[in-house]
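In what follows, a structure is listed as C-alpha cells, so that the remarks can point back to it.
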Ligand code: ADP
Ligand code: MG
C-alpha cells in the first residue's frame, strides 16, 4: 500500500491478548470470570492522513491491507476486515469526530488460539482512534462497542470478557469480573514456584463460532423454562442446581448439561479466586481439572486435541492442573507447572502430541499483564 512508503506514525497502541483462568462461557450467562491480559499482543501504529474519510489499514501479520471510506462501512467478504469495519461503524454511531487515518498492525499473538486476538484487534483500534481524534470515549465504552462490533460484523455472539480483559487488566493480577454489573476486583496472583504454561494445540476447529452461538441459545432455552417457575430468573446467573433439578423433566438432557455446567463453573470462579488469595495452589490446580471435565463432558466445547493434552498433564507430578482456555474446540491449554519441571513437561507433551496427532504444538509461558497501553511517538 502506498502510505507505507512514507509512514511516520504519531501514536502506538499495544493491545494484549488474554487468558481466562476460570469461568468459561459464563460471561454471556451474566456470571463471573477470572481473566487477565498477557504479554502477547497486537501493536498498532496510527497517523491522521489529513483526509475527511479515507483510511488505510495494513496488517503486517497477514501482509495485506485495505482502503476504506468512513461513509461506506459495509461488511466485507474478508474476515479480518470486518473487525476493523465493525469498530469504525460503532464509533461512527457515537461521534462525528472520526477522520481519515492510516494504520499498521503487527502481532505476536497467535490468532484463532483462544487468546482473543479478535478482541485485541477491536479494542486496540478503538483505543488508538479515541486518542488520535480525542473522541472522549471511556474505556468501558470502548470495551462495549468492540463487543458489539464482534456481534454485528464478525457474527460471534460473545460476552464481555475478552474485550474487558484486554483493556482493563492490571499487571500481576487476574480480574474477578461480574459480567452482569461489570463490577470487578483485581486479585493478586502469585503462583511461585509454579508457572502458567500454555500449550497451543494448533487446531482451531471451524465449529467455534457456530457452536458458540448454539451454546448461547441452549442456555437461553434453559432460562426460558426456568423463568416459568421462577420469575426472578433472567439468566443462568440466577439459577441454583436445585432449581435446575426441579425442571429437569421439562428440558432436554443437552440443555440440562449445559446449564449445570454454567452453574458449577460460576461457583468455581469464586472458589478459585479464594484459593488464590489463600495461596492454596493445589486447590487451584484441582479446580482447573474439574473445569476442564465440565467443558469436555457437559458443555462439549473441547476437542480430542485439548482433551489429550489435559489428560497427558495428569501423569506429570510437576503439573498441578490444566484446562482448555478460551471459547473452545482447540486453541490453548493452560497448565500450572512447577518451575523445575517446565522444560521436561514441554518436551514430553510436545513428543506425545506429535506422535498422536502429527502436529507440532507451540508452548510458552504467560504472565498476568496490564491492559491496553498507548503512547505518543
Ligand atoms: P481468537 O480471538 O481466539 O484469536 P477469533 O477467530 O475470534 O480467534 O479471531 C481471530 C481473527 O482475528 C483472525 O482470523 C483475523 O480475522 C483477526 N485478527 C487477529 N489478529 C490479526 C492481525 N494481527 N491482523 C489481522 N487480523 C487479525
Ligand atoms: Mg475471538
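What is the Rg over Rh value, at two decimals, for the chain, using alpha-carbon atoms and the Kirkwood definition of Rh? Intermediate values should be presented prior to the final figure.
Values: Rg = 21.0 Å, Rh = 21.4 Å.
That ratio equals 0.98.
When DSSP assigns beta bridges and you keep just the ones with both residues in the stretch 21-170, what percent turn out antiparallel, to the nearest 5? Don't skip to the end; give the middle numbers.
Details: 13 of 17 bridges.
Taking every DSSP beta bridge with both residues in the stretch 21-170, the antiparallel ones total about 75 percent.
Counting other beta carbons within 10 Å of each residue's own, what order do 243, 168 fall into, fewest first?
Numbers: 243 15, 168 22.
Sorted ascending by nearby Cβ count, the order is 243, 168.
Counting beta carbons within 10 Å around each of 141, 278 and listing the fewest first gives the order 278, 141. Translational diffusion of the stretch 10-146 was estimated from the Stokes-Einstein equation, with Rh taken as the Kirkwood radius over Cα pairs; at 10 °C and 1.306 mPa s the coefficient is 103 µm²/s.
As a proxy for reagent exposure, ranking 366, 174 by other Cβ atoms within 10 Å from fewest up yields 366, 174. Relative to the compact-globule estimate of 2.2 N^0.38 Å, the Cα radius of gyration of the stretch 279-377 comes out at 1.18. Between 72, 120, 37, the residue with the greatest mean-square fluctuation in the GNM of the chain (Cα pairs under 10 Å linked by springs) is 72. Kindly identify the stretch 128-191 as rounded, prolate or oblate by the Cα gyration tensor criterion: order the square roots of the eigenvalues as a ≥ b ≥ c, call it rounded if a/c is under 1.5, otherwise compare a/b with b/c, prolate if a/b is larger, else oblate. Here the stretch 128-191 falls in the oblate category. The Cα atoms of the stretch 192-273 cover 47, 34, 19 Å along the three principal axes, with the biggest extent listed first.
Assign one of three labels to the stretch 104-230, namely rounded, prolate or oblate, based on the Cα gyration tensor with a ≥ b ≥ c the square roots of its eigenvalues; rounded applies when a/c is under 1.5, prolate when it is not and a/b is larger than b/c, and oblate otherwise. Could you put the intermediate results ahead of the total?
Details: a/c = 1.33, a/b = 1.20, b/c = 1.10.
Rounded, since a/c falls under 1.5.
Computed from the coordinates by the stated procedures, all read-outs in this text should not be read as laboratory data. Just so it is clear, the model here is predicted, and its values are computed rather than measured. Backbone-built Cβ (ideal geometry, glycine too); neighbour counts: all protein chains shown.
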